[in-house]
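To keep things clear, I will list the structure first and then write my remarks on it.
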């Protein structure tokens, strides 16, 4: 079962202030991640996964479309168009 970033934070009993401090990001930045307005970069994503002790596959990002916006998760095609 996948969970949202907000659910992970609330279940960890962290306020937005506490979580953002632990993640070394601003409160508004974390709110934007939780509200699917923006997506975290790879470094921040790793800190989020570590903080909440979850795998990437366990987190619901913007109806799972955020995976397309994270550079390290993009697949590369060869010259023939194969992945």
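The values are calculated or read from the model by the stated rules, or taken from the named source; none is laboratory data. All figures in this text were calculated on a predicted structure; none of them were measured in a lab. With ideal geometry, Cβ positions are generated from the backbone for all residues, glycine too; neighbour counts draw on all protein chains shown.
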Quick test for you: out of 51, 30, pick the one residue that is in contact with a helix residue (DSSP H, G or I) (Cβ under 8 Å, 6 or more places away or on another chain), outside any loop (DSSP other than H, G, I, E, B) and surrounded by fewer than 16 Cβ atoms within 10 Å (Cβ to Cβ). 51
Can you pull out the residues in the stretch 33-44 that are surrounded by 12 or more Cβ atoms within 10 Å (Cβ to Cβ), assigned to a helix (DSSP H, G or I) and either in contact with a helix residue (DSSP H, G or I) (Cβ under 6 Å, 6 or more places away or on another chain) or at pLDDT below 95 (or both)? 33, 34
